[in-house]
Amino acid sequence: MEITILFYVFAALTLIPAFFVVFSRSLIHAAFSLLFTFMGVAGLYVLLSADFIAVAQIMVYIGGILILLVFGVMITKQVTDVEIQASVGRTIPATIVVAFAMVTLIFILWPVNWMQSDYLPEIEGTTMELGELLMTTFILPFEVAGILLLVAVMGAALIARKPEEVQS
């Protein structure tokens, strides 16, 4: 029973700030609302006994991406006072697509009896097994992914430069 209550708390902690992220007129308010959305998602991962993914969610998204986004918004003078404009021409088609996706998901997920014991996860950690696999069996793909991410960051920094700053 308490797991069900925790699920609804974390679902609310995910969905309510996500609403503010989408409809906020200020980029800095949207970024701070995104913090609580990420925390709610990390809480849902903990409820699923995915402790490694929950910690990765906190470290990567909250500790890295969100802080970078907040610093980028706060440092850039031109962006802090920009009001986000939503035109009706984009809102109506987006609302139709979201409504269609939501109705489809409801029809797919409604018949499932979620309270059966088959759907409840076993409580055991995954960090040790994932760490051993990443450092033994999957060490080469892990290192290649790290190098690929480094090259992607360097390429993004090069693309973000102004054309007169790039040396030929």
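Annotation: peptides 127-137, 49-59, 19-29, ranked by per-residue average of other Cβ atoms within 10 Å with the highest first, follow the order 49-59, 19-29, 127-137. For segment 1-67, what class follows from the C-alpha gyration tensor (a ≥ b ≥ c being the square roots of its eigenvalues): rounded when a/c is under 1.5, otherwise prolate if a/b is larger than b/c, else oblate? Because a/c hits 1.5 or more and a/b fails to exceed b/c, segment 1-67 counts as oblate.
Readers should treat all values here as calculations from the given coordinates under stated rules, not as data from a laboratory. Here the structure is a predicted model, which means the values were calculated and not measured. Glycine gets a Cβ as well: all are built from the backbone with ideal geometry, and neighbour counts include every protein chain shown.
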